[in-house]
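This report concerns only the one structure given below.
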Amino acid sequence: QCITHCPVGALRERDDTREVLDALRDPDKITVVQIAPAVRAAWGETHGLPREMATVRRLTAILRSMGFDYVFDTAFSADLTIMEESTEFLKRLKNGELKDLPMFTSCCPGWMRFVKSQYPQLVPQISTAKSPMQMFGAITKTYFAEKMGIDPEKICSVAIMPCIAKKAEKDGHVFDRNRKHGMQDVDIVLTTREMDRLMRMQNINVFSLPEAEFDSPLGIGSGAGVIFGATGGVMEAALRTAYHTVVGENAPADAFRSIRGQEGWREAEFDLNGTTIRCAVASGLGNARKLIQAVLTHKVHYDFVEIMACPGGCVGGGGQPIPFEQNELADARGNMLYSLDRLSPLRYPHENKEINVLYDTYLGEPMSELAEELLHTDHNSWNMPLSMRLQQTDDEDTTIH
Ligand code: SF4
């Protein structure tokens with residue numbers, strides 16, 4: 001919170017709202033915006049909107065009224081991430097690559113920078129799947145552009161994220177660029193706070209707009225995609241689809257809920273057709289370090305580990321509204337995402353019909369050659385410069401700014 005609380009205003013928060021306004025006014029640009037899962041749990045807080053009014057559908061209407069041409073849901077590409085990451089996990093498990101060390105999730109840029117600077121020997125264990133934000137951008141400038149007959153060079157791909165570290169991620173400081181076209185997957189990242197500023201600059205009356213649906217064909221997300229925004233959500237979503245792949249039928253959607261919780265480091269075991277999968281989840285970099293040290297000294301053994309840099313996951317991200325009176329809201333926001341999942345008619349990524357059309361008509365299957373090209377990354381394409389390497393601090397459990 002140091003930037004926003006600097007007493008003399010010497011430190012300023014990066015603000016990309018002007019770039020978005022320029023893109024919205026440019027008649028040659030097609031503006032496509034995606035809304036991250038965690039944003040829907042927090043965007044209404046600074047407007048005093050009750051939670052039942054601060055829905056993602058109302059936010060969709062607001063973004064459309066600002067002039068965005070297409071409004072989509074990052075929960076769609078969270079489902080896509082699960083299709084790729086669960087396939088990769090099962091492949092690595094089968095190949096015996098996880099005998100000594102687990103596979104780690106890759107969707108948090110704060111965690112990626114931490115592991116690259118502090119434990120570079122673990123980089124081969126990180127999933128090669130790009131984050132949902134990057135996958136969304138890659139699909140927008142290829143599949144979507146082709147389907148709609150749009151020149152991808154004209155697309156301005158905007159992402160509303162709970163996270164400041166995502167601004168560096170979109171520049172290629174974590175994942176490499178769209179190898180099919182050589183363009184950036186995502187052009188502009190706005191935090192939830194910047195989006196709020198944009199609404200105020202445009203005098204949007206958030207109380208007056210009726211709700212609206214996402215556009216198609218990248219607008220459907222499952223409940224599993226929505227819980228990506230809370231700690232443990234990526235793991236739970238991946239297990240729902242991995243179970244279906246191995247067993248051939250769905251487990252009850254809440255079968256893996258024992259990995260939920262607010263403790264900074266949690267673990268659980270699940271049976272996948274006779275194979276025990278040992279899972280762990282950590283949020284906050286202090287907890288991540290403790291978990292990694294235990295893994296490296298063989299005090300614990302896991303097959304699959306999810307790490308999020310911010311305590312509580314993205315719902316508590318550094319780009320989210322800052323709560324009045326310093327109340328910590330990550331827990332309440334996370335619970336909201338879990339209740340959206342519970343109420344969702346679609347709870348399994350592999351049952352998302354827009355995802356299935358994407359594979360049937362374009363990508364082929366998870367980890368196909370084209371899917372690898374668009375949706376996976378080479379973790380060696382960007383390494384942490386020596387001068388930027390983090391020093392161990394006693395304060396690692398703070399939100400990533
Ligand atoms: Fe960004 Fe924090 Fe979410 Fe990581 S946990 S992606 S740093 S908001």
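The figures follow:
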item: Residue in segment 255-292 that is surrounded by the most Cβ atoms within 10 Å (Cβ to Cβ), counting only those that are without any contact (Cβ under 8 Å) to a residue 24 or more places away in the chain and in contact with a helix residue (DSSP H, G or I) (Cβ under 8 Å, 6 or more places away or on another chain); result: F256
item: Leading residue by the ranking (nearest to V295 (Cα to Cα)) among those in segment 83-112 that are in contact with a helix residue (DSSP H, G or I) (Cβ under 7 Å, 6 or more places away or on another chain), within 16 Å of the ligand (Cβ to nearest atom) and in a helix (DSSP H, G or I); result: W111
item: Looking only at segment 344-364, and only at residues there that are in a helix (DSSP H, G or I) and among the hydrophobic types (A, V, I, L, M, F, W, C), the one that is farthest from E249 (Cα to Cα); result: L363
item: Hey, S117 modelled with pLDDT under 95, within 16 Å of the ligand (Cβ to nearest atom) and of a type in the set (S, T, Y) or not; result: yes
item: From V32, V71, V39, residue being more than 22 Å from G223 (Cα to Cα), surrounded by 24 or more Cβ atoms within 10 Å (Cβ to Cβ) and at pLDDT 95 or above; result: V32
item: Single residue of T60, T31, T46 found to be in contact (Cβ under 8 Å) with a residue 40 or more places away in the chain, among the β-branched types (V, I, T) and in a strand (DSSP E or B); result: T31
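For (1) within 16 Å of the ligand (Cβ to nearest atom); (2) in a helix (DSSP H, G or I); (3) modelled with pLDDT under 95; (4) closer than 18 Å to I126 by Cβ, each residue gets a yes or a no:
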position: V305; (1), (2), (3), (4): yes, no, no, yes
position: Y338; (1), (2), (3), (4): no, yes, no, no
position: R342; (1), (2), (3), (4): no, yes, no, no
position: P366; (1), (2), (3), (4): no, no, no, yes
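The values are calculated or read from the model by the stated rules, or taken from the named source; none is laboratory data. All values derive from a computational prediction rather than experimental measurement. Quick reminder, even Gly has a Cβ in these numbers, built from the backbone with ideal geometry, and neighbours come from all protein chains shown.
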